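Report on one structure; see the data block that follows.
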Amino acid sequence: MAKLRDCLPRLMVTIRSLLFWCLIYFYCGLCASIYLLKLLWSIGKGPTQTFRRAAREHPPACLNDPSLGTHCYVRIKDSGLRFHYVAAGERGKPLMLLLHGFPEFWYSWRHQLREFKSEYRVVALDLRGYGETDAPVHRENYKLDCLITDVKDILDSLGYSKCVLTGHDWGGMIAWLVAICYPEMVMKLIVINFPHPNVFTEYILRHPAQLFKSSYYYFFQIPWFPEFMFSINDFKALKHLFTSHSTGIGRKGCRLTTEDLEAYIYVFSQPGALSGPINHYRNIFSCLPLKHHMVITPTLLLWGEKDAFMDVEMAEVTKIYVKNYFRLTILSETSHWLQQEQPDIVNKLIWTFLKEETRRKD
């Protein structure tokens, strides 16, 4: 009987793990079936249109706008990868490091590059696999440990030991993890539309609505097919994410210009440009939940209330994981793409947070 009691906790962990992976693979298959039906429907409506892709040989002029900063490259000694970033503001000023989400790249921070360069050295990074940053072929090269180390290495290469770390969406996930693993590197943490990673993993298993909203996480576990689906109909899925009524930018603020949208399509239409970004998601289920999860850095969490991909309830729960000053601001009638849709309000909230004297909670 005593042996049974000792074995029971391990058995329960094993059963929960088995059920967890069964759920993941079942949902992967379901998502793949749905997208396959969409593909067949598109081919039935117009096969020529489905496989059409416009030639894009030259980047839009907005990507070389000098007001956004200077394009720079740095090669990391340990990984051997070359990273691309855009930097604004004088060297020697405090560093503000900006981490974008999916499907984005450094350009999603264009409003913040202009805004904060007066007092910061603002660096908008192309994450591993994105844009002009090197993209390793194997999915193992995109584990969360690698992405966290990238941020540490970038700081070292830029000559900084700490920064104001800002992340949106998947970049927000990485920002949370860096603050957890290397708290001494993060002076202040700013996250936009992504909850603490443990909140996300626990919430998604208990709320079917969030499971549905996060279906792309499961779809992305499938080899090559997600990349193909993003590219058909001349990247219609990418355009839809940024412009549709349900998910797009412009509910209550700035809309993407035609040139802005073309910048995104140009970057992701380059050969192999989708595999790296999607590989970020192909390791997530083996890395979460976290063993160490408390954040001791002053934290600002900004959230678009009408985020089509993340339930707003997760924002409120996040505060239990921050053992320091924590401020949450939820902006009504705004979408997932908060820093692009409401740049003036977002920038003002960030300025307020940066200038506040924060103190550790008791």
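The values are calculated or read from the model by the stated rules, or taken from the named source; none is laboratory data. Please read all numbers here as calculations on a predicted model, not as lab measurements. Note: ideal-geometry Cβ built from the backbone for every residue, glycine included; neighbour counts use all protein chains shown. To get the accessible areas, we keep the full protein, side chains included, count just its heavy atoms, and leave off ligands, DNA and RNA. Shrake-Rupley method; radii C 1.70, N 1.55, O 1.52, S 1.80 Å.
Key figures for this structure:
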quantity: Residue in the range 161-170 that is charged (D, E, K, R), open to solvent by 10 Å² or more (accessible area, probe 1.4 Å) and under 23 Å from Gly80 (Cα atoms) present; calculated: yes
quantity: Condition met for Pro59 (of a type outside the set (Phe, Trp, Tyr), part of a loop (DSSP other than H, G, I, E, B) and either open to solvent by 50 Å² or more (accessible area, probe 1.4 Å) or at pLDDT below 95 (or both)); calculated: yes
quantity: Boolean, Thr352 is at pLDDT below 95, within 28 Å of Arg255 (Cα to Cα) and either β-branched (Val, Ile, Thr) or not in a loop (DSSP other than H, G, I, E, B) (or both); calculated: no
quantity: Among the candidates Leu95, Leu23, residue that is open to solvent by less than 70 Å² (accessible area, probe 1.4 Å), touching a Cys at 6+ places or on another chain (Cβ under 9 Å) and either more than 21 Å from Gln270 (Cβ to Cβ) or modelled with pLDDT of 90 or more (or both); calculated: Leu95
quantity: Test for Ala263: is it small (Gly, Ala, Ser), in a loop (DSSP other than H, G, I, E, B) and either modelled with pLDDT of 90 or more or crowded, with 19+ Cβ neighbours inside 10 Å (or both); calculated: no
quantity: Residues that are open to solvent by less than 50 Å² (accessible area, probe 1.4 Å) and out of contact with any Phe, Trp or Tyr (no Cβ under 8 Å at 6 or more places or on another chain), drawn from the range 69-78; calculated: Gly69
quantity: Test set (1) open to solvent by less than 60 Å² (accessible area, probe 1.4 Å); (2) modelled with pLDDT of 95 or more; (3) not aromatic (Phe, Trp, Tyr) - Ile330 fails condition number; calculated: (1)
quantity: Residues within the range 192-225 that are assigned to a helix (DSSP H, G or I) and either within 15 Å of the chain's Cα centre (by Cα) or in contact (Cβ under 8 Å) with a residue 60 or more places away in the chain (or both), tallied; calculated: 18
quantity: Residue count for the range 74-120, restricted to those that are under 28 Å from Phe230 (Cα atoms) and not in a helix (DSSP H, G or I); calculated: 14
quantity: Checklist (1) over 22 Å from Leu158 (Cβ atoms); (2) in contact with a Leu (Cβ under 8 Å, 6 or more places away or on another chain) applied to Arg75, failing item; calculated: (1)
quantity: Odd one out for Arg121, checked against (1) without any contact (Cβ under 8 Å) to a residue 40 or more places away in the chain; (2) in contact with a Cys (Cβ under 8 Å, 6 or more places away or on another chain); (3) among the basic types (Lys, Arg); calculated: (2)
quantity: Residue tally, condition in contact (Cβ under 8 Å) with a residue 12 or more places away in the chain, open to solvent by 10 Å² or more (accessible area, probe 1.4 Å) and of a type outside the set (A, V, I, L, M), over the range 229-247; calculated: 7
quantity: Any hit, the range 188-206, residues being open to solvent by 60 Å² or more (accessible area, probe 1.4 Å) and either of a type in the set (Lys, Arg) or over 29 Å from Asp311 (Cβ atoms) (or both); calculated: yes
quantity: Hey, Leu155 in contact with a Cys (Cβ under 9 Å, 6 or more places away or on another chain), hydrophobic (A, V, I, L, M, F, W, C) and under 21 Å from Leu113 (Cα atoms) or not; calculated: yes
quantity: Filtered residues of the range 78-106 (kept if among the acidic types (Asp, Glu) and over 16 Å from Ala263 (Cβ atoms)); calculated: Asp78, Glu90
quantity: Residue check for Leu177: closer than 25 Å to Glu341 by Cβ and within 15 Å of the chain's Cα centre (by Cα); calculated: no
